[in-house]
Each structure stands twice: as C-alpha cells, then as structure tokens.
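Following: one structure in structure tokens, then a few remarks.
The values are calculated or read from the model by the stated rules, or taken from the named source; none is laboratory data. Everything quoted here is computed from the prediction, not taken from an experiment. Here the Cβ positions follow ideal geometry from the backbone for every residue, glycine too, while neighbour counts run over all protein chains shown. Protein only, heavy atoms only, side chains kept; ligands, DNA and RNA dropped before computing areas. Shrake-Rupley method; radii C 1.70, N 1.55, O 1.52, S 1.80 Å.
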Amino acid sequence: MKLYNTLTKEVEEFIPHNKNEVTMYTCGPTVYHYAHIGNLRTYIMEDILEKTLNYLGYNVKRCMNITDVGHLTSDSDTGEDKMLKGAKREHKTVMEIAKMYTDAYFSDCQKLNLAKPKIVSPATDNIDNYIEMIEKLIKKEYAYISNGNVYFNVSKLDDYYALTNHKENEMVVGAREGVKEDLGKINQSDFVLWFTKSKFDDQELKWESPWGLGYPGWHIECSCISLKYLGEYLDIHCGGVDNIFPHHTNEIAQTEATIGHKWCSYWVHGEHLNDQSGKMSKSKGEFLTVSLLENKGYDPIAYRFMCLQSHYRNQLMFSYDSLDNSVQALEKLKNKIRNLKEDGEVKDLETFRFKFKEALGNDLNTSLAITVLYDVLKSELNNSSKLALIKEFDTVFSLNLLEEKKLNKDLIENIETLLEKRKQAKIDKNFNLADEIRKEIEDLGVTIKDTREGTIYSLK
RNA sequence: GGGCCUGUAGCCAAGUGGUAAGGCAUGGGACUGCAACUCCCUGAUCGCUGGUUCAAAUCCGGUCGGGCCCUCCA
C-alpha cells in the first residue's frame, strides 16, 4: 500500500508501527451546523482508506472526535464560538445543538455508506485529559501563561513547521480578514491551549482548571483523544487540506512535546470540493447538504460515486451537470450488474483482484479502481465470477452495486396480474392497451423489460 | 508578500519519459410492435511557448488561466 504523506511530500510505502494493526485518527465534524457535501468528501476519502486497508488485510482501529465545544473563530480571542452561534440561531442550548447535529452528521454518513469509526469521542468527554496534558506541557516548559490564557511556545521546537513550507517571518498576520494579532503571545505562531479569558464571556460551556474557569483551545482535543485511544504511536492521521496549518501543525507540536518522540507517521489530507465560485463553504453559495440533494431527487450514493471517479488529492468541481453524469453512470453500471445471473463456478479472480489492489494501493487511485470494475464487466469471465469480484470490490466502494431492491408481496401480485393482461394485449396486437399497462406499472415505480424469456421487472 | 495545487476530447476524469485508461453525453447500428434495458461502432497529440532527450501530456524555464493555505473551515 502506497500513500502520499504530507509530512514528506512523497508517495511512500505504508508500514504500520505494529505489523497488521493500523491506528487511524480522523478529525471529526464541528457540530454547530449540517455538514456540506464538501466536508463529506474528506470523510468519503477516509472511509475508502479504512476499507482499503481492511481489504488488504490490515486491522484498522479508527478514532474520530466530535467537536462540540469552544471552536472559536481564532486563537486570538476574536470571532465567536461556533457552537454558541449555532445555539443562538436555533434558540437551543449548546449541548442540544451538539446532539442534534451529531445525529444529523451520522445520518448523512449512513446515507453515503460511511462506516462509523470504532471509537467516536466528543470533545466534552475528555476535559480532564486536556488539563492533564496542558499541565505536562507547562511543567516541561513548552507552555506558558499569559493574559490568563495558556499558550504553547512554538520556539521551543526545532521544527514546528514540519508539515508545511511556511516560514514564520514570511507569514502575514491578518492575511484573513477579521484576524487580529494577539499581543499576549511570545511568538506569532503560538497558540492557545486553554482559555480563561475571552471576549465572549457568554461562552456557555466552561470547566474548572488550575488556571481558572475556562475551556480548551481547539487543537488540544485531537491530540488528547488520539493519545488516549490510539496510543503514542499513530500510523495515520487524516483530515482536509485546510487543517494542515495550523490545526495539524499544532497537534504535532503539542503531542510530540508531551510524549517526547515522534508521534504520527503518515498524514493524509483530502482536497476540497469546489463550486463555480471556489471553495465550498457554509456561508456562501448554495449550502449543499445530503438532505438537499435528496430533496432534489438525488441518491446520495451518486455523489459518493462522483467522488470516487476523481482522486482525493485533486480539487473536484461540483456542478449539477457532473452529479447528473454520475447518476447516469451509476444507474447504467447497476443495470449491467443486475443483468448478470449466476451461471456456475467462481474462478480466475486473481488477475482483476490484483489490478484492483494495485489501483487502490497506489495512493487510493479510486478512479482507476472503478475502471477495473468496468474491465471485469467486459471480461470473458463467467457471470458468477464477475459477481464475486463485484461483491468483493464493493466492500471498498460501498456503492450498493449488488443491492436488490425489495418488492413487497402485494406489489408483486399486482404487477404479475398487470403483466398477464399486457401479455394478452400484445397477443391481441392491442398495443395501445399494452402501453397503457406499462405506464401503469411504471407509475408503481417498477421498470419492465421485454426479453426472449418473457417480461422481467425491477424497482427503479 | 510567502507557500502549495491545477489546466488532458462537449462534460467528469486516469495517466510522472516510449507515440493518450475509463465513464457520461453525442452520432450510427443490432434487438423491440414501439420503448426501456442491453450489446457493437464512433472522438482528443494533452493551456501557450522555449529547452533537455533517440523519445515528453509526463523533466526544466518562461508565459497565460483557474483554485487553495498563511490562526473559522473537510
């Protein structure tokens, strides 16, 4: 298995710290609003990665956080807590909001066939751990207290910018509008570990700490949760590219300062989904959620398919045209598969299996893996063998390729009766009637197809 | 100002030195009472421009265009 590692900027052979056991940490959602499909693109990539590793025989232990607290707009005390903002908007308490959007998030995941990580931990469940870790950092003199907040001192590290090519003196403070310099810091890139002072005194969730009543900075949760559940040697850490700096950079800083050795070997980042105006966001353009797509009549799986046809490290352009494209393609693909009927012994799977593994094993080239699927369909293999391969591939793709939609009994009887009538009409050359009956059947949501063996039907 | 990614047929998109995968759409054909489904056939020299090389979409330089990050973000 080869993976592109942001840390080395190279595609590397993946070697877990502990033989076949893989530890994987993926940054989870901030539950102050619905996830948009751009957010979900990264989770789709992570899902494919996890399933590919499983397919290749690894045992993956994956952990994800749920950010349900104190996600400020910035470390410099400007901006507003997102959870609080969400709560105000919905006239609910912060915890109610968190619950509501956490549920919504997992519901979206389910619709996209995203496996739930073995370990899911809300940020608010681990406050004691953060405090403990921050105390350690202060004791080791990596952290200092200033203006009531606890900061991490990045100048104590040899290589704070390991993940990026940033240089401290070339960075522009306030490159982004609304960001103001925090005068309490020693270095420009120092970040907050614990807040006791914020311009937003109405911050709802606060905890007692050695530094006073306050709440954690927004990088500490991922470090802590990861250490708590996955140990001091992490194999893979994932997230969106926007997390590279500062979030992941800071995670590395505080974690390695705490444990005193290298922490995570492979950093895997997913590129963004863009729309015509650039990066998709919650504040501009159409707010594209899974539910919105569903309301417009799209099967969320078609979006998953769209993502798989591109590479996770390339930006992908969203448009309804390309989603329509994927809808068509997926439908055709499933039709082809539906037409395969078992016909004997399963054999000769290795060639395609190898190609499939090679595609995914090459830094998750899902697009090429999809091509292998089409190659299987066009191959000389018998149907049973094709079906066996498709079933295997779909453990990674998760596109419901073999899904047989269930017809209920009454519906079947109804259709059988109508088909009999239509058959008679055709014999009588009464094609108008035959067409009417076909229309009637289609209105029931069923497609029919005339073949030499008779008429067959399936759910649309 | 600094860092990074990207430009392949109408559209989406693989492909990192040896003369361009795949999908969707289009057009033509087979099948059908018609249709749907399915099957067969159908298209690009890779933004532009210099260079390296026996050989470049692939490497290097320039140029034009699109996008991202630099303390909200997947």
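With label points built 7 Å along Cα→Cβ from the Cα atoms of A:ASN362 and A:GLU132, find their separation and express it in nm.
Each label point lies 7 Å from its Cα, and together they span 4.6 nm.
Using R₀ = 56 Å, calculate the FRET efficiency as 1/(1 + (r/R₀)^6) where r is the Cβ-Cβ separation of A:GLU208 and A:LYS296; round to 0.05.
That pair, A:GLU208 with A:LYS296, gives E of 0.70.
Please work out how much accessible surface A:MET100 shows to a 1.4 Å probe, ignoring ligands, DNA and RNA, in Å² rounded to 10.
Around 50 Å² of this residue is reachable by solvent.
Quick check: the angle from helix A:37-55's long axis to the longest principal axis of chain A, C-alpha only, nearest 10 degrees?
Computed tilt is about 80 degrees.
If you count the DSSP beta bridges with both ends in chain A, what percent of them are antiparallel, to the nearest 5?
Numbers: 23 of 46 bridges.
Within chain A, antiparallel bridges account for around 50 percent of the total.
Estimate the FRET efficiency between A:GLU90 and A:GLN424 by the formula 1/(1 + (r/R0)^6), using the beta-carbon distance for r and 56 Å for R0, to the nearest 0.05.
Efficiency, rounded to the nearest 0.05: 0.40.
I need the peptides A:31-40, A:409-418, A:241-250 ranked by packing, meaning the mean over residues of other C-beta atoms within 10 angstrom, with the highest value on top.
Working: A:31-40: 22.7, A:409-418: 12.4, A:241-250: 19.4.
Top of the packing list down: A:31-40, A:241-250, A:409-418.
Gain in length, A:VAL346 to A:GLU436, computed as 0.36 nm per residue apart minus the alpha-carbon separation, to one decimal in nm?
28.2 nm
How long is the gain from A:GLN328 to A:ASP443 if the chain were fully straight, where each residue apart is worth 0.36 nm and the alpha carbon distance is subtracted?
Between A:GLN328 and A:ASP443, full extension yields an extra 39.4 nm.
Given +1 on the Cβ of Lys and Arg, -1 on the Cβ of Asp and Glu, and no further charges, what dipole in debye does chain A carry about its Cα centre, rounded to the nearest 20?
It comes to approximately 900 debye.
Students often check this: by mean Cβ neighbours within 10 Å, which of A:321-327, A:142-148 ranks highest, and how do the rest follow?
Answer by packing, highest mean first, reads A:142-148, A:321-327.
As a test of the formula, what do you get for chain A when each DSSP H run with n ≥ 4 contributes -39,500 (n - 2.57) and the sum is divided by the residue count, at 222 nm and rounded to the nearest 500 deg cm²/dmol?
Value at 222 nm, helices only, nearest 500: -13000 deg cm²/dmol.
Could you tell me which of A:VAL290, A:ILE370, A:LEU163 has its Cα farthest along the dipole of chain A towards the positive end, charges placed at Cβ (Lys, Arg +1; Asp, Glu -1), taken about the Cα centre?
A:ILE370
Rounded to the nearest 0.05, what FRET efficiency is calculated for A:ILE186 and A:LEU56 with R0 set to 45 Å and r the Cβ-Cβ distance?
Using R0 = 45 Å, I get an efficiency of 0.50.
Among the aspartates and glutamates, select those whose C-alpha is under 18 Å from the C-alpha of A:LYS426, and discard any that sit fewer than 8 residues away in the same chain.
Reachable aspartates and glutamates: A:GLU416, A:ASP435, A:GLU436, A:GLU440, A:GLU442, A:ASP450, A:GLU453.
Please get the size of the charge dipole for segment A:12-155, origin at its Cα centre, with Cβ charges of +1 on Lys and Arg and -1 on Asp and Glu, quoted in debye to the nearest 20. Each step should come with its number before you reach the end.
Details: 17 positive and 20 negative charges, 68 e Å.
Once rounded to the nearest 20, the dipole reads 320 debye.
Where a Cα-Cα gap under 22 Å defines reach, which lysines qualify for A:LYS156, not counting those fewer than 8 residues away within the same chain?
Partners within reach: A:LYS136, A:LYS139, A:LYS140, A:LYS167, A:LYS185, A:LYS262.
How much accessible surface does A:LYS332 have with a 1.4 Å probe, in Å² rounded to 10?
Here the accessible area works out near 130 Å².
If all Cα-Cα distances of chain A are sorted into 10 Å bins from 0 onward, what percent lands in each bin, rounded to whole numbers?
For chain A, the pair-distance distribution reads 4, 18, 25, 23, 14, 8, 5, 2, 1, 0.
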